[in-house]
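What follows is a set of notes on a single structure, which appears directly below.
The values are calculated or read from the model by the stated rules, or taken from the named source; none is laboratory data. Remember, predicted model here, so these are calculated numbers, not experimental data. A quick note on method: Cβ atoms are made from the backbone with ideal geometry, for glycine too, and the neighbour counts reach across all protein chains shown.
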Amino acid sequence: MSRSLRVLLVVCLGGLLLWSGFRVAAQEGPSPVASPLGNDVEAALDAGSPSVPDDDALTLQVARRLQKADGMQDVNVTVTGGVARLEGSVLEVEDRTLAEQIASQHPGISAVENQVTLTTHLIDRFDAATAIAMDKVFRLLAALPLLIVAFAMVMASWWLGRWLGRRIGQHKLHTSNPYINGLARNLVQWLVLIIGVLAALNLLGATSLLGAVLGSAGVIGLVVGFAFKDIAENYVAGVLLGLRRPFSPGDTLRIESYEGKVVALTSRATILMTLDGNRLSLPNALVFKSVVLNFSSNPRRRFDFVIPVDGASSMGTAQEVGLQRIAGIDGVLLDPRPSSIINSYDGNEIRIQFFGWIDQRQNDLGGVRSAAIRAVRNGFFLAGIQAPRSVQHVVSMPGPDASAAAAEPSAAEAVALDESPDTAPQDTSINRDIDEQLADEQRAHSTDDLMSPES
């Protein structure tokens, strides 16, 4: 997991704890507001004085209930014959409806005449909002020590998780796959962190909040999964490729019609570098579902080429000469030894296919194959084995001496041929043309490479 993603998750967890603190501070309602009615009338009501009429008693009772509700401080009530008349102003439409519900639910009220209006004074709205905000700020400050302790618990669990993850990574889990080690390290780290977050939320009394957040996250994840199906598919394919490891950095692959050396395996794409030095990004889902040909998994690799010769030439002699020449090439293995087959024959042309093996750790396939083709062509010329003729011609039958002289080149021709550019030594060592570029690309993707031990 990248460092930026880890920092983002820690910030989100800190925000969750801060939100929990606000919720804890808001759980307690505002302080009750004193009734605007006279104290003498309230005392008379509490004492059950018979001098207070029934309508006045109902007025007092409904007014006290209204004053206990937020936003009802400017609402006045008058009860006449069981009908409650509400007057005054409120800030929200919901407060107007709530006032009517409170009055109608009181015993003895048969009807409610709602004359409450919405206040249009900006100062009133601003004062109400300021009062609510200040009340929550004061309550949050009161709960700040508890919030600090909860945040400290989360940070301690984060540090403990990283320490345990590093300890597990040092043991390597008896596997050569660095992605397995990194996955186990991250799992331990995040498991310890989640335990710390749960403990902090329990300390704040907001464990139910975590359930609501996780439920919302599940719904959001489902929606995002459908919206970003391809991205999710590539990520899952990248995880599976990291676990299975069908290739390693630096391997030469052929995936469908694409070929190159492996740079890195990221969470979204497999990065290759073509033999021309170009960067090639293939979606992980494509790589996971395609046939992957790994040329580097086996150090031994076979090369082949076809050379046509004249139909009148001796097939056995041509094969023997070709195999001798191939065996003398630097880099060609003698076990398995070179081989050949007659690929086709149509009377005018014999197509001979030669095979040879190299060790890719020491020699380059293209260089050895090129040197082998030059050596076989030179051997055919020295042996008098000619290439197919493109026109029909009539050959007179000379005497035996003339035939032998024509079949073999003169000593001067042989010396000249041995010294020609076709027989000059050819470099068959491993091609290092793009090694520096490949190393630069691998360093650039080291932080997000799923095959890297540091990922």
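Tallying residues that are under 16 Å from Gly81 (Cα atoms), touching a strand residue (DSSP E or B) at 6+ places or on another chain (Cβ under 7 Å) and surrounded by fewer than 13 Cβ atoms within 10 Å (Cβ to Cβ) within the range 103-117 yields 2. Residues in the range 249-285 that are surrounded by 15 or more Cβ atoms within 10 Å (Cβ to Cβ) and polar (S, T, N, Q) were compared, and the one that is nearest to the chain's Cα centre (by Cα) is Ser267.
Based on what the data block shows, is Ser344 assigned to a strand (DSSP E or B) and among the hydroxyl-bearing types (Ser, Thr, Tyr)? Yes. Taking the conditions (1) surrounded by 14 or more Cβ atoms within 10 Å (Cβ to Cβ); (2) in a strand (DSSP E or B) in turn, Phe288 satisfies each one other than (2). The residue of the range 413-455 that is nearest to the chain's Cα centre (by Cα), among those that are at pLDDT 80 or above, among the aliphatic types (A, V, I, L, M) and not in a loop (DSSP other than H, G, I, E, B), is Ala444.
Residue by residue, here is whether (1) touching a strand residue (DSSP E or B) at 6+ places or on another chain (Cβ under 6 Å); (2) touching a residue at least 24 places away in the same chain (Cβ under 8 Å) holds:
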site	(1), (2)
Asp251	yes, yes
Gly260	yes, no
Thr274	yes, no
Leu286	no, yes
Arg300	yes, yes
Asp304	yes, yes
Val309	yes, yes
Gly328	no, yes
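With respect to (1) over 22 Å from Thr130 (Cβ atoms); (2) part of a loop (DSSP other than H, G, I, E, B); (3) polar (S, T, N, Q), the lone exception for Asn76 is condition (2). Does Asp304 count as among the acidic types (Asp, Glu), within 30 Å of Ile385 (Cβ to Cβ) and in a loop (DSSP other than H, G, I, E, B)? No; evaluated as a whole, the condition is false for this residue. Taking the range 225-255 as the range and being more than 20 Å from Thr447 (Cα to Cα) and modelled with pLDDT of 90 or more as the test, the residues that pass are Thr252, Leu253, Arg254, Ile255.
Kindly indicate whether Ser89 is surrounded by 14 or more Cβ atoms within 10 Å (Cβ to Cβ), in a helix (DSSP H, G or I) and among the small types (Gly, Ala, Ser).
Working: surrounded by 14 or more Cβ atoms within 10 Å (Cβ to Cβ): yes; in a helix (DSSP H, G or I): no; among the small types (Gly, Ala, Ser): yes.
Criteria not met by Ser89.
Given the residues Leu280, Leu222, which is the only one that is among the aliphatic types (A, V, I, L, M) and modelled with pLDDT of 80 or more?
Values: Leu222 fails: modelled with pLDDT of 80 or more.
Only one candidate qualifies: Leu280.
Given the structure, is Gly347 at pLDDT below 90, among the small types (Gly, Ala, Ser), over 30 Å from Thr252 (Cβ atoms) and out of contact with any Asp or Glu (no Cβ under 9 Å at 6 or more places or on another chain)? Don't jump to the end; show me each part of the working.
Values: at pLDDT below 90: yes; among the small types (Gly, Ala, Ser): yes; over 30 Å from Thr252 (Cβ atoms): yes; out of contact with any Asp or Glu (no Cβ under 9 Å at 6 or more places or on another chain): yes.
It is true that Gly347 is at pLDDT below 90, among the small types (Gly, Ala, Ser), over 30 Å from Thr252 (Cβ atoms) and out of contact with any Asp or Glu (no Cβ under 9 Å at 6 or more places or on another chain).
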